[in-house]
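First up is the structure itself, then whatever we jot down about it.
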Amino acid sequence: GPLRGELMWQSVLDALDAAGAEPAGAGQLTVLDLGGGTGGDAVRLAGLGHRVTVVDPSPDALAALSRRAAEAAVEITGVLGDSADLTDHVAAGTIDLVICHGVIEHVDDPAEALAAVAAVLAPSGVASIVVPGRLAAVVARAVAGDFDSAQALMAASVADWDLAELGPRRYLPAELDELVRSHGLHPISTHGVRHFSDVVPSSVAEEDPGSREKLLLLERAARSRSEFAAASGGLQTLARLDLS
């Protein structure tokens, strides 16, 4: 819903800041939104003056992206592809900021995907990676009485994750850190993305503007506290390419 979208947009703003973006109109970054879909974030990024390319495997999503960009009067390059063939479409060392949100948990080979992200980043480029957090999912299943699923998630390892049995990969902060570091990317910071929003009833968050604003403030406060990240429904790591 709208609340989730705003939380994800905050992740994009943090990524822009990490990549050294200047105020709107004062400087451009070359941004790749990998798996950017219909362009909810991409259009807003282009509206801030950045050069944006969306790579996505869905022709329908890219068609919607094109319509959305036209309505917003911004230019966005849409490319049919995914992490597996990313380097066929995007030149090596050309991207200031890669937005990779909601991708790594679905791909067949996360290592291949991260290697492709690292390959297209410019020197000192930044990658923003958002994946589901595992601890929150374990707790949610236990609270719902699904103890078998909670146990299965708790015992799982991303190294041999079964997508068919367990669904999208869910990471612990240390696992995400290890994945990022193994591809020449050095974490700058790790944040939680949805500390409370997944468990607060939608009727509370969406129907009462006052409660929605208070929840957003609570989310932002928790986001600034790295010790809360592990319990969040989503994890964001900002990582810089280090060629030294």
Evaluate the following for Asp60: is it within 25 Å of Asp108 (Cα to Cα) and of a type in the set (Asp, Glu)?
-> yes
Result of the Cβ filter at 6 Å on segment 204-230, keeping first residues that are at pLDDT 80 or above and partners that are surrounded by 14 or more Cβ atoms within 10 Å (Cβ to Cβ) and of a type in the set (Val, Ile, Thr), at least 6 apart or interchain, is Ala229/Thr190
When residues of segment 56-92 are limited to those that are in contact with an Asp or Glu (Cβ under 9 Å, 6 or more places away or on another chain) and under 25 Å from Glu22 (Cβ atoms), the one surrounded by the most Cβ atoms within 10 Å (Cβ to Cβ) | Ile76
Any idea which residue in segment 69-113 is nearest to Leu29 (Cα to Cα), counting only those that are within 13 Å of the chain's Cα centre (by Cα) and not β-branched (Val, Ile, Thr)?
-> Leu97
When you go through Asp108, Asp88 one by one, which is the residue that is part of a helix (DSSP H, G or I), more than 23 Å from Phe228 (Cα to Cα) and of a type in the set (Asp, Glu)?
-> Asp88
Taking helices (runs of 4 or more DSSP H) that fall entirely within segment 123-239, which contain at least 2 residues that are among the β-branched types (Val, Ile, Thr) and out of contact with any Pro (no Cβ under 6 Å at 6 or more places or on another chain)?
-> 134-143
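The values are calculated or read from the model by the stated rules, or taken from the named source; none is laboratory data. From a predicted model like this one, the values you see are computed outputs, not experimental measurements. In this analysis, Cβ positions are derived from the backbone assuming ideal geometry, glycine residues included, and neighbour counts consider all displayed protein chains.
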